[in-house]
Amino acid sequence: MQLIINNKIFTDNSKDVNENSVFVVSKQNERFKQDAINNGCKEIVEAKDLKNHIDISSIKIIGITGTNGKTTTAAAIYSILLDLGYKVALQGTRGFFINDERVEDYTLTTPVQLGNFAHIQKAIENQCDFFVMEVSSHAIEQKRIEGLDFELKIHTNITRDHLDYHKTIEEYINIKNSFFNDESKKLINKDDPVIRFNPINASSYGMENPSTYNVSAYSFKNGMNVMFSKIEDMYSFSSTMMGIFNIYNLMAAVSSVDIVSDKSLEEICEVVENFAGVSGRMEIISSEPLVIVDFAHTPDGMKEVYESFNDKDIITVFGAGGDRDQDKRPIMGQIASNFAKTIIVTSDNPRFEDPDLIIEDICRGIKNKDNLLVEVNRKEAIRKSIELGYQNPNSVVLILGKGDEPYQTIYDKKFPLVDKEEVLKHIS
């Protein structure tokens, strides 16, 4: 990765250096520091000190972390700020956007340090007021966000995920919570039982526990209508989005824009309904039959989706990623069996694992197998779910796990597969 600052090349690749370039040392590449020196580099900079070489003080950085909801919350903040007349950049799982234009396609949720600074520099060049970014647990642990001063840090929730990397749920929780240890402004989901944070400069949002921005009432009819209070004043917004978890996502977005901008809450609430959600996140693909595609790939994420359709006969299609946390698989099966009338277990991104063995892991959590179908071919599994959806007018087909991912990863190869496109093939 290279970044040009004041006509000088900054790089984190020891092979790219020369006597006129600067080698940026981070946790990921510190073992190559001597190689950079041997290759002629005379100037070494710590990643955390990059901000001393590029002035990013003119832009407000908003960081969102959490197991679920990062992408939707970040996109909602981006949309609301744009609608309020600000210039905004968005960096995250879905790519890099500046002022409503996609500049780069899918990336890491959070790039390495030079990548962050390169994107922020581009945002500044486009006169952006805000830089909204998703912050992954990997990025926190690997110090990829070193050197960034956040205007606001946002917490969505912390549930089980990435235990293939973090090893224990306790380690994962501690890594997430470490993002909120300092005295910078922060916005916390007060209903999350495992969040720990520095209370200095902290605001909160929630539904169950007292919070700065507190939901007092909501209804679901053609979307959602939400009433909430800030201190003693009442406000409301409407949205076409569905699900309790999206109330949390939109509350996080509304609250954060209130904190970082000079707009009134009335103005903010007025533009919320312009945000229709994110592709592949609780996305309604068909209304007859009702078919929804969502990225939910953790037990908690699946539970939140299922709970949004207690009045429906749920037909669900899902699998689990290979080379990832194996212990969550039977838990996912158990969650599905608690809510779904029909379960179709299929392949997700098996990577280097046998998809049949992954499916076996999931099925161990499903005690009653009367309404269980196993179809390893994801395209065929989706076809069968649509067929079942047509047979039951009160059903909802929930296809979970991959959202708008454009491929399926088998071994180290990526094969084109988009859940939404597969659904549309079978909708008459």
Being surrounded by 14 or more Cβ atoms within 10 Å (Cβ to Cβ) and touching a Lys or Arg at 6+ places or on another chain (Cβ under 9 Å) narrows it down to one of Lys379, Lys420, so name that one. Lys379
So Ala76, is it assigned to a helix (DSSP H, G or I) and either buried (at least 20 other Cβ atoms within 10 Å of the Cβ) or assigned by TED's automatic domain parsing to the domain that holds Arg144 (or both): yes
Please give the strands (runs of 3 or more DSSP E) falling wholly within the range 180-268 in which 3 or more residues are touching a Cys at 6+ places or on another chain (Cβ under 9 Å). 233-239
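Rundown of residues vs (1) touching a Phe, Trp or Tyr at 6+ places or on another chain (Cβ under 8 Å); (2) buried (at least 19 other Cβ atoms within 10 Å of the Cβ); (3) over 25 Å from Asp327 (Cα atoms), yes/no style:
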| site | (1), (2), (3) |
| --- | --- |
| Glu360 | no, no, no |
| Leu372 | no, no, no |
| Gly389 | no, yes, yes |
| Asn394 | no, no, yes |
| Val397 | no, yes, yes |
| Leu400 | yes, yes, no |
| Gly403 | yes, yes, no |
| His426 | no, no, yes |
In this structure, does Thr11 turn out to be under 22 Å from Ile124 (Cβ atoms) and hydroxyl-bearing (Ser, Thr, Tyr)? yes
Test result for Ser264, closer than 21 Å to Met207 by Cα, in the same structural domain as Thr72 (by TED's automatic domain parsing) and among the polar types (S, T, N, Q): no
Matching option when the condition is at pLDDT below 95 and surrounded by fewer than 22 Cβ atoms within 10 Å (Cβ to Cβ), among Glu151, Glu146: Glu146
Taking the range 16-50 and keeping residues within 32 Å of the chain's Cα centre (by Cα) and either part of a loop (DSSP other than H, G, I, E, B) or polar (S, T, N, Q) (or both) leaves Ser26, Lys27, Gln28, Asn29
Any residue in the range 231-251 that is surrounded by fewer than 22 Cβ atoms within 10 Å (Cβ to Cβ), of a type in the set (D, E, K, R) and assigned by TED's automatic domain parsing to the domain that holds Ile80? yes
Which one is farthest from Ile244 (Cα to Cα) among residues in the range 273-304 that are touching an Asp or Glu at 6+ places or on another chain (Cβ under 6 Å) and at pLDDT 95 or above? Asn274
Count - residues of the range 97-118 that are at pLDDT 95 or above and crowded, with 20+ Cβ neighbours inside 10 Å: 2
Please verify whether the range 298-311 includes one or more residues that are surrounded by fewer than 24 Cβ atoms within 10 Å (Cβ to Cβ), basic (Lys, Arg) and within 19 Å of Asn371 (Cβ to Cβ). yes
Among the residues that make up the range 210-225, is at least one of them buried (at least 22 other Cβ atoms within 10 Å of the Cβ), within 21 Å of Lys185 (Cβ to Cβ), among the polar types (S, T, N, Q) and touching an Asp or Glu at 6+ places or on another chain (Cβ under 9 Å)? yes
Filtered residues of the range 2-15 (kept if at pLDDT below 90 and either crowded, with 16+ Cβ neighbours inside 10 Å or not in a loop (DSSP other than H, G, I, E, B) (or both)): Gln2, Leu3, Ile4, Ile5, Lys8
Which numbered condition Thr67 misses (of (1) loosely packed, with under 13 Cβ neighbours inside 10 Å; (2) within 30 Å of Glu171 (Cβ to Cβ); (3) of a type in the set (Ser, Thr, Tyr)): (1)
Only listed residue being touching a strand residue (DSSP E or B) at 6+ places or on another chain (Cβ under 9 Å) and either within 30 Å of Lys186 (Cα to Cα) or buried (at least 18 other Cβ atoms within 10 Å of the Cβ) (or both), chosen from Lys33, Lys60, Lys51: Lys60
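The values are calculated or read from the model by the stated rules, or taken from the named source; none is laboratory data. What you see is a predicted model; the values in this text were computed from it and never measured. All Cβ positions, even for glycine, are placed from backbone atoms using ideal geometry, and neighbour counts span all protein chains on display.
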